[in-house]
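Peer 1: For reference, the structure I am asking about is given below.
Bear in mind these aren't lab numbers, they're just calculated from the coordinates by the rules spelled out. Small disclaimer: the values here were computed from a predicted structure and weren't measured. Every residue, glycine among them, receives a Cβ derived from its backbone with ideal geometry; neighbour counts consider all protein chains shown.
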Amino acid sequence: MHELSITRSVVAIVAERSLGQRVTRVRLEIGCLSAIVPDAVRFCFDICAAGTPAEGAALEIVEIQGRGRCPACGEEAVLTVPAGRCLACGTGHLTVIAGQELLIKEMELEACA
């Protein structure tokens, strides 16, 4: 399960960027073509966040739809697998333009008293 090491890395980055402040919310964007299972990341998050500034933080995951563009005609299409044939012109593989990302989009810190 590579999601455990990915989640450890996400928590380490969030903890480093928080500069010791308590993190209350983390929002990730995970592309559906990234081979990362969002439910596995959710499962690992609390375990990985224990003892860090992100302990107890809410995790939000936004799943990004796969999209491809035909290099021949420029047509764009939804992708459920990383490669596909252009439906407009029949050309071979589409170039992936979205859906492979893993981004830490936002993190929210506890308000200072």
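Peer 1: What residue, among those in segment 17-29 that are more than 9 Å from P53 (Cβ to Cβ) and either more than 14 Å from the chain's Cα centre (by Cα) or of a type in the set (A, V, I, L, M, F, W, C) (or both), is surrounded by the most Cβ atoms within 10 Å (Cβ to Cβ)?
Peer 2: L28
Peer 1: In segment 30-60, which residues are under 14 Å from the mean Cα position of the chain (by Cα) and of a type in the set (V, I, T)?
Peer 2: I30, I36, V37, V41 - these are the residues of segment 30-60 that are under 14 Å from the mean Cα position of the chain (by Cα) and of a type in the set (V, I, T).
Peer 1: Okay, next question. Tell me yes or no: at least one residue of segment 47-57 is of a type in the set (V, I, T) and either part of a loop (DSSP other than H, G, I, E, B) or within 16 Å of T7 (Cβ to Cβ) (or both).
Peer 2: For segment 47-57, residues of a type in the set (V, I, T) and either part of a loop (DSSP other than H, G, I, E, B) or within 16 Å of T7 (Cβ to Cβ) (or both): present.
Peer 1: From the residues in segment 83-97 that are part of a loop (DSSP other than H, G, I, E, B) and exposed (fewer than 15 other Cβ atoms within 10 Å of the Cβ), which one is nearest to the chain's Cα centre (by Cα)?
Peer 2: A83
Peer 1: Say whether the condition of being of a type in the set (G, A, S) and loosely packed, with under 15 Cβ neighbours inside 10 Å is met by at least one residue in segment 98-105.
Peer 2: No.
Peer 1: Might you let me know whether segment 69-82 holds any residue that is under 30 Å from E16 (Cα atoms), in contact (Cβ under 8 Å) with a residue 24 or more places away in the chain and outside any loop (DSSP other than H, G, I, E, B)? Give the derivation first.
Peer 2: Filtering segment 69-82 for residues under 30 Å from E16 (Cα atoms) gives none.
Taking every residue of segment 69-82 in turn, none turns out to be under 30 Å from E16 (Cα atoms), in contact (Cβ under 8 Å) with a residue 24 or more places away in the chain and outside any loop (DSSP other than H, G, I, E, B).
Peer 1: Then there is this: Output the residue which, of all residues in segment 30-48 that are among the β-branched types (V, I, T) and under 26 Å from G66 (Cβ atoms), is surrounded by the fewest Cβ atoms within 10 Å (Cβ to Cβ). Spell out the reasoning first.
Peer 2: Residues of segment 30-48 that are among the β-branched types (V, I, T), as a first pass: 30, 36-37, 41, 47.
Of the ones still in play, those that are also under 26 Å from G66 (Cβ atoms) are 30, 36-37, 41.
Details: I30: 22, I36: 20, V37: 14, V41: 20.
Restricting to residues being among the β-branched types (V, I, T) and under 26 Å from G66 (Cβ atoms), the top hit is V37.
Peer 1: Still on this structure, I have one more. As an exercise: evaluate L79 against (1) surrounded by fewer than 17 Cβ atoms within 10 Å (Cβ to Cβ); (2) of a type outside the set (S, T, N, Q); (3) closer than 26 Å to I104 by Cβ and give the number of the one condition it does not meet.
Peer 2: Of the numbered conditions (1) surrounded by fewer than 17 Cβ atoms within 10 Å (Cβ to Cβ); (2) of a type outside the set (S, T, N, Q); (3) closer than 26 Å to I104 by Cβ, the odd one out for L79 is (1).
Peer 1: Report, by residue number, each residue of segment 2-46 that is closer than 28 Å to I97 by Cα, in a loop (DSSP other than H, G, I, E, B) and in contact (Cβ under 8 Å) with a residue 40 or more places away in the chain.
Peer 2: Passing the criteria: C32, L33, S34, I36.
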